[in-house]
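Since the structure comes first, as structure tokens, the remarks are kept for the end.
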Amino acid sequence: MRHEHGGNIYAKKCDIDFSSNINPLGMSENVKKAFINSFEMSVFYPDPECTELRKKLSLKEKVDFSNIICSNGAAELIFSICFALKPQKALLASPCFAEYEQALNACGCVIERYVLKEENGFCFDEGFLNKITYDTDIVFFTNPNNPTGVLANAEYVDKLAERCLKTNTIIVFDECFLDFVLDSENYSAKRFLDNKNIIILKAFTKFYAMPGLRLGYGLFAEKDIALKVRSAMQTWSVSTPAQMAGIAALDDGIKYKKTVDYIENEKKYILSRISNLAYKVYGHSANFIFFKEMEDFDKLMLEKGILIRSCKNYNSLNGSFYRIAVKSRKDNERLIKAWTEIKRG
Ligand SMILES: Cc1ncc(COP(=O)(O)O)c(C=O)c1O
């Protein structure tokens, strides 16, 4: 069974989509131009090596060209890592992004779950570390976590990297939302890229607002592992429009620099308004907010044209948990208005 994600505006008609967490500043003009220009080039096959894009990523990330793999969204890499490395036993937190489970199931891997506790604000704790043993082949760890919005601190990231090195476990640090966090480099696992067992996942999808183009990448500590994963992928998985848009996005630093401040400001606005509305608010370290509300709150919101993410189908959550994106002030005001009306009855 496929897991239903946020952002499915095709199945759920709405005026505003708060269910997928995309940069509200939108796609930059340069990216749009690059996308249009890619039209002419699309009569040719895409560059299978994503050479230009990887060169730019190598400079940005300060990671060797051959340790970087580009993919059809970060989601493709999750599947390719599983197919290539064929782990027998994996550890996942509950709740976490559902594609890990989907990919691990598809390659026949046994999944052990560690339930993050509500009373602990869904924070990662020692219990998760203790679950990593010598027979754990792979761990997927999302920072900040989706859907909980909880950010693990640098000390915890250190402990996790250390533990996985000791147990010879591959650890995939999914940092697809980390660019939205203030001083993000302090929380990144990039400083452990000397450890041979580390993979870092990143996406253009959210920060550069291009979910429809499908572009992600992985930073691999080990060239051999990178090669193995690349061999499990089809040759032309990243289209020419996606490659050209990605190059333009990396060239357009100015627009995206404003993002973190913008998100912080709008998040403050939403949090101040919902503190008296929501049953309880949990994590909000990235560009989304995780909270508890009445059953069917998503349906009531949809009646007002607003699509929010019910987290009912996440492992270990129930129908009282929801996630909303942080969007533009105009959209956020509409969200608060609808929420207030629902609460007034
Ligand atoms: C934590 C996390 N990792 C990876 C992805 C996949 O990103 P992409 O759309 O680039 O495939 C998502 C998408 O929602 C996500 O939430």
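The values are calculated or read from the model by the stated rules, or taken from the named source; none is laboratory data. Predicted model only: the values in this text are computed from it and were never measured. No Cβ is skipped: glycine too gets one built from the backbone with ideal geometry, and neighbour counts run over all protein chains shown.
Annotations
- Elements of type helices (runs of 4 or more DSSP H) in region 1-116, at least 2 residues being in contact with a Gly (Cβ under 6 Å, 6 or more places away or on another chain), under 19 Å from F288 (Cβ atoms) and assigned by TED's automatic domain parsing to the domain that holds I199: 73-85
- Against the conditions (1) touching a strand residue (DSSP E or B) at 6+ places or on another chain (Cβ under 9 Å); (2) over 30 Å from E29 (Cβ atoms), S272 satisfies every one except (1).
- Criterion: within 20 Å of L201 (Cβ to Cβ), touching a Pro at 6+ places or on another chain (Cβ under 9 Å) and among the aromatic types (F, W, Y) - qualifying residue of Y314, Y256: Y314
- Pick from region 282-319, criterion in contact with a strand residue (DSSP E or B) (Cβ under 7 Å, 6 or more places away or on another chain) and aliphatic (A, V, I, L, M), ranking: farthest from A93 (Cα to Cα): I306
- Test result for N145, of a type outside the set (A, V, I, L, M), within 12 Å of the ligand (Cβ to nearest atom), touching a strand residue (DSSP E or B) at 6+ places or on another chain (Cβ under 9 Å) and in the same structural domain as A248 (by TED's automatic domain parsing): yes
- I336 being crowded, with 17+ Cβ neighbours inside 10 Å and touching a residue at least 40 places away in the same chain (Cβ under 8 Å): no
- For A189, the criteria (1) crowded, with 24+ Cβ neighbours inside 10 Å; (2) closer than 24 Å to A325 by Cβ hold in every case but one, which is (2).
- Test: residue in region 158-169 that is surrounded by 13 or more Cβ atoms within 10 Å (Cβ to Cβ), modelled with pLDDT of 95 or more, in contact with a helix residue (DSSP H, G or I) (Cβ under 9 Å, 6 or more places away or on another chain) and not in a helix (DSSP H, G or I): yes
- Condition check for S42: out of contact with any strand residue (DSSP E or B) (no Cβ under 6 Å at 6 or more places or on another chain) and away from the ligand (no atom under 14 Å from the Cβ): yes
- Selection over region 207-242 of residues that are of a type in the set (S, T, Y), assigned to a loop (DSSP other than H, G, I, E, B) and touching a strand residue (DSSP E or B) at 6+ places or on another chain (Cβ under 8 Å) gives a count of 1.
- Unique residue being under 25 Å from H3 (Cβ atoms), among the basic types (K, R), touching an Asp or Glu at 6+ places or on another chain (Cβ under 8 Å) and in contact (Cβ under 8 Å) with a residue 60 or more places away in the chain when the list is R309, R329: R309
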